[in-house]
């Protein structure tokens, strides 16, 4: 848990600092960084994306807390029951998909062109790799054959509109329930 918190700190704070430093070094990025119209564009996009990231985190976190823990001895920030309903029926890692956009939201809020176009996408790719190499292995170790069966029927991520609505905690239209 501590290692993951340090990773997030490095992604957000380190990415911000590196992005702004590179923006000053590179003329194309410095031109955008100093242009107020650039910030008029990126700031609302960043605020909207951050709102979405927070909404997804809140919804999927509450879903896991409610459905992913059985018994009184279950650790507070951990699951001991495989959740395969609601948004988890659409994709195996809905919270991670939402959180993957956290660095991009911060980059847009800062208006750092280098962070937006270079650093945040690299961090997003690193997150996918970590989910595949760490999260998936942990889930396989914890849930075994049940998780293997789940992997065969459910993609790691899904951008289907109904899945995105579920991920945001929005009810589906009546004709799709």
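The values are calculated or read from the model by the stated rules, or taken from the named source; none is laboratory data. On a predicted model such as this, the values are computed, not experimentally measured, just so you know. Every residue, glycine as well, gets a Cβ built from its backbone with ideal geometry; the counts of neighbours run over all protein chains shown.
Go through the range 156-170 and count every residue that is touching a residue at least 24 places away in the same chain (Cβ under 8 Å) and surrounded by 14 or more Cβ atoms within 10 Å (Cβ to Cβ).
Taking the range 156-170 and keeping what is touching a residue at least 24 places away in the same chain (Cβ under 8 Å), we get 156-158, 160, 162-163, 166-169.
Pick out the ones that are also surrounded by 14 or more Cβ atoms within 10 Å (Cβ to Cβ) and you get 156-158, 162-163, 166-169.
Final tally of qualifying residues: 9.
Could you tell me which of the residues 99, 104, 48 is modelled with pLDDT under 95, out of contact with any strand residue (DSSP E or B) (no Cβ under 9 Å at 6 or more places or on another chain) and within 22 Å of residue 163 (Cβ to Cβ)? Before the answer, list the steps.
Details: 104 fails: modelled with pLDDT under 95; 48 fails: modelled with pLDDT under 95.
None of the other options fit; the residue is 99.
Filter the range 23-37 down to the residues that are part of a helix (DSSP H, G or I) and either under 16 Å from residue 108 (Cβ atoms) or modelled with pLDDT under 95 (or both) and list them by number. Quick ask: steps written out before the conclusion?
We begin by selecting, within the range 23-37, every residue part of a helix (DSSP H, G or I); these are 23-25, 27-33, 36-37.
23, 29, 32, 33, 36, 37 - these are the residues of the range 23-37 that are part of a helix (DSSP H, G or I) and either under 16 Å from residue 108 (Cβ atoms) or modelled with pLDDT under 95 (or both).
Picking from 63, 49, which residue would you name as being within 20 Å of residue 12 (Cα to Cα) and surrounded by 13 or more Cβ atoms within 10 Å (Cβ to Cβ)? Walk me through it before giving the result.
Values: 63 fails: within 20 Å of residue 12 (Cα to Cα).
Exactly one residue qualifies, and that residue is 49.
Which of the residues belonging to the range 110-140 are farther than 30 Å from residue 46 by Cα and at pLDDT below 95?
First pass over the range 110-140, keeping only residues farther than 30 Å from residue 46 by Cα: 137-140.
138, 139, listed by residue number.
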